[in-house]
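No lab work stands behind these numbers, since they all come straight from the coordinates. The model shown is predicted, which means the values in this text are computed figures rather than measured ones. Neighbour counts are summed over all protein chains in view; Cβ atoms, including those assigned to glycine, are modelled from backbone coordinates with ideal geometry.
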Amino acid sequence: MSHYQFNVAMYGLLLISQHSYAGSEHIQELDQLIISTPLTESTANTALPVSILSGDELRMKASSSVGETLKNELGISNQSFGPGVGQPVIRGMTGSRVHVLQSGLGSLDVSSLSPDHANSTEALWAERIEVLRGPATLLYGSGAIGGVVNVIDNRIPDSIPDTVFEGAFEQRYNTVNEGKSSAFKVDGGKGVFAWHFDGFYRDSIDQQIADNAIAGENDGGRLLNSNTRAKSGTAGFSIIGDMGFVGFSINHLDNNYGIPLGAHHEEEDGHHGDDDHGAEVRIDLKQTRYDMKAEIKDPFKFADTLRIRLSYNDYQHTELEDGAAAVVFNNEGFESRMELIQKPWAFFDHGVLGVQTKNSEVSALGEEAVIPKADINSFSFFTMQDIHTEHLTYEVGLRVEQQWVDPVGLAEVSHTPVSFSTSALWSVTEQDSVKLTFSRSERAPDVQELFSDGAHHGTGTYNRGNANLTLEASHNIELGFHFDHDLFQANFNLYQNWVLDYISQTNNGQLFNEHDETFVNNCPPDDECMPVFDAEQQDAEFQGFEAQVKIPLLSTDYGYLNSELFADYVRGQFSNGDDIPRMPPLRYGMQLGWESSDWATQLRMTRAEKQENPGLNETETDGYWLLDLSANYRVGIAEYAEMLLFVKANNLLDQDIRHSVSYLRNSSPEAGRGAEMGLRIEF
């Protein structure tokens, strides 16, 4: 992106915010409480950066992956590996730098080990999704440099429902892949007992695309081997009393999805020979997860609440090549955390102290195993405190963590990350505020960054780790502005992140020849080769902005019309001047929305610029326009039931969209023009 484009985007948004429609009425939105922080602050009264999806907005955006669900949020992109995988990218960071949680505890899968591994956390029945940055991320892990995505559900009820029996049923159909999904949930309770059940089934064929997946090849307008099938079921219950509650849940997930043909054996220039797709690779994922949650009110004189969370996960996925098992990934993990929410003490108004443990046994078994079997254990202490004055709010966080990685046949490696963060909120007026955040976070290298060594057909790459990797240290400063007036609402965030010893998987330009198992610079015509990625460390720098302006345009007795202007951008470079690979480009656009008591519709246009800084040995991606239209109508169908009808038209311009954050940008474009429709009955 040129300096000219950067300036036009920023100044344009600032000018528009000064010329909003003067005749419209301001629509007052209620502040939402942040559930992910034990201090239970509202979005207006906290200094930490946070984004929240809930209610009908979440229902309309919910998709088959967390990344796809959040892809239109400011500063967030979706790193897809075909339709079956979607990892959130926050400000250019993903993997273990973005922690995806299931109601406050880790997903305990292997999604951070490789970009072709799906996250086992589902967004379909989430009550809300919260994206945290700043001091609150230290509550969940020192390595969450990018942020924390907390998918909050009601698997373990924490209150007795108003009625003995309530629930919802949802049915969806997507034309782009003939995708059909059915889902239900029911909640109930009486006396001190509350219970919850939910389940879903999802099935799709190969996804339609706007053009050929790979230039020069005829794939019939579909992304081959991109079909998916998933099913899940959950049961949970709680015993709830005046002193608190204790509850349990069990969930089982089966997820079978294909890795698009053409993702394998990709040559150095990003193209393939005619009809040379390699083996058909699928991933068959199975997981059983057990959770316990307890909360005790007023456990001590100096404490408001004691919270305990326990989770055990038995995870396995098999990578199938032409139907035969090539490698089996296992993760048997246990995580626990205890939080003590303090009463006001000294000069602190609120505070939380906590400890967290993680224990997992990770392995990759088979001829193509890329990591050794390893025990990974960690113990952490964390705290978050805040101070409130008449016009200022301060928040500080600290986390000390010890991690041990003990691989079979290799020497044990240990690290001690120490991280802290502080934020300040200055309420300039009742409508305007300024936020300033500084953090220093250390991240210990992951097992695949340390010890991977081998060809991985799921990604079509040869991966090499480095056992000598050291702690990664991130220093981040962020400045935010919030304006809330009758004529407009606006949010602007500017950030700068300096990372010492940043760990990256870098394409070194070599190829691994599978025929004779050698590393070569050029692949012989009749052999199959894959690019070599090395784990490397060097200093890096990220800088960017996020901007959002909401302008009410018209208010009538029948509803109101509003508009939204948005933009986000991040630039990442290593200290030697090379570009950090797979960074999102500049995005900006506009959304128009009409809302009334019964129905709502939105028209959203997004422009993504060409990514001209793709990283060493990576390919550029073209810019695109994305036009989406959605509408929903809510109607009562009985005294205690109502129905939500909805439709979403996606990529109406049928653009050939290839995301720069994706490893498969050259062989797996995003979906072409399509529509998703469905109904949701709540009772």
**Request:** Report the local net charge at His317: Lys and Arg +1, Asp and Glu -1, summed over other residues whose C-beta lies under 9 Å from its C-beta.
**Result:** -2
**Asked** Cα gyration tensor of the range 132-196, axes a ≥ b ≥ c as square roots of the eigenvalues: rounded (a/c below 1.5), prolate (a/b > b/c) or oblate?
**Response** oblate
**Candidate aspartates and glutamates for bridging to Lys231, where Cα separation is under 13 Å - those fewer than 8 sequence places away on the same chain excluded** = Glu122, Asp198, Asp203, Asp254, Asp284
**Fill in**
For the range 3-682, averaging the sequence separation of alpha carbon pairs under 8 Å that lie six or more residues apart and dividing by its residue count, the contact order in percent is 12
**Prompt:** Over the range 563-683, what is the mean sequence separation of C-alpha contacts under 8 Å (at least six apart), divided by residue count, expressed as relative contact order in percent?
**Reply:** 20
**Fill in**
Listing Asp56, Asp198, Asp501, Asp322 by rising number of other beta-carbon atoms within 10 angstrom, fewest first, gives Asp322, Asp56, Asp501, Asp198
**Message:** Need the C-alpha centroid separation for the range 177-222 versus the range 325-361, integer Å.
**Reply:** 31
**Message:** List the lysines whose Cα sits under 30 Å from the Cα of Lys610, skipping any in the same chain fewer than 8 residues away.
**Reply:** Lys61, Lys71, Lys550, Lys648
**Item:** Percentage, to the nearest whole number, of Cα pairs in the chain over 38 Å apart
**Value:** 34
**Asked** Is the shape of the range 572-659 rounded, prolate or oblate, going by the alpha carbon gyration tensor and its root eigenvalues a ≥ b ≥ c, with a/c under 1.5 for rounded and a/b larger than b/c for prolate?
**Response** prolate
**Asked** Among Met643, Met530, Met60, what is the fewest-to-most ranking by other Cβ atoms within 10 Å?
**Response** Met643, Met60, Met530
**Asked** To the nearest 20 debye, what is the magnitude of the charge dipole of the chain about its Cα centre, counting +1 on the Cβ of each Lys and Arg and -1 on the Cβ of each Asp and Glu?
**Response** 1980
**Prompt:** What order do you get for Glu367, Glu442 when you list them from fewest to most C-beta neighbours inside 10 Å?
**Reply:** Glu367, Glu442
**Request:** Report the local net charge at Gly615: Lys and Arg +1, Asp and Glu -1, summed over other residues whose C-beta lies under 13 Å from its C-beta.
**Result:** -3
**Item:** Cleavage-rule hits (GluC sites (Glu not before Pro)) in the range 483-534: DSSP loop, at most 11 neighbouring Cβ within 10 angstrom
**Value:** Glu517
**Request:** Using DSSP to define loop residues, name the chymotrypsin sites (Phe, Trp or Tyr not before Pro) in the range 303-393 whose beta-carbon has at most 15 other beta-carbon atoms within 10 Å.
**Result:** Phe347
**Within the range 334-424: Cβ-based charge dipole about Cα centre, in debye rounded to nearest 20 (Lys, Arg +1; Asp, Glu -1)** = 240
**Asked** Among the lysines, which fall within straight-line cross-link reach of Lys301, defined as a Cα-Cα distance under 25 Å, with same-chain neighbours fewer than 8 residues apart omitted?
**Response** Lys293, Lys343
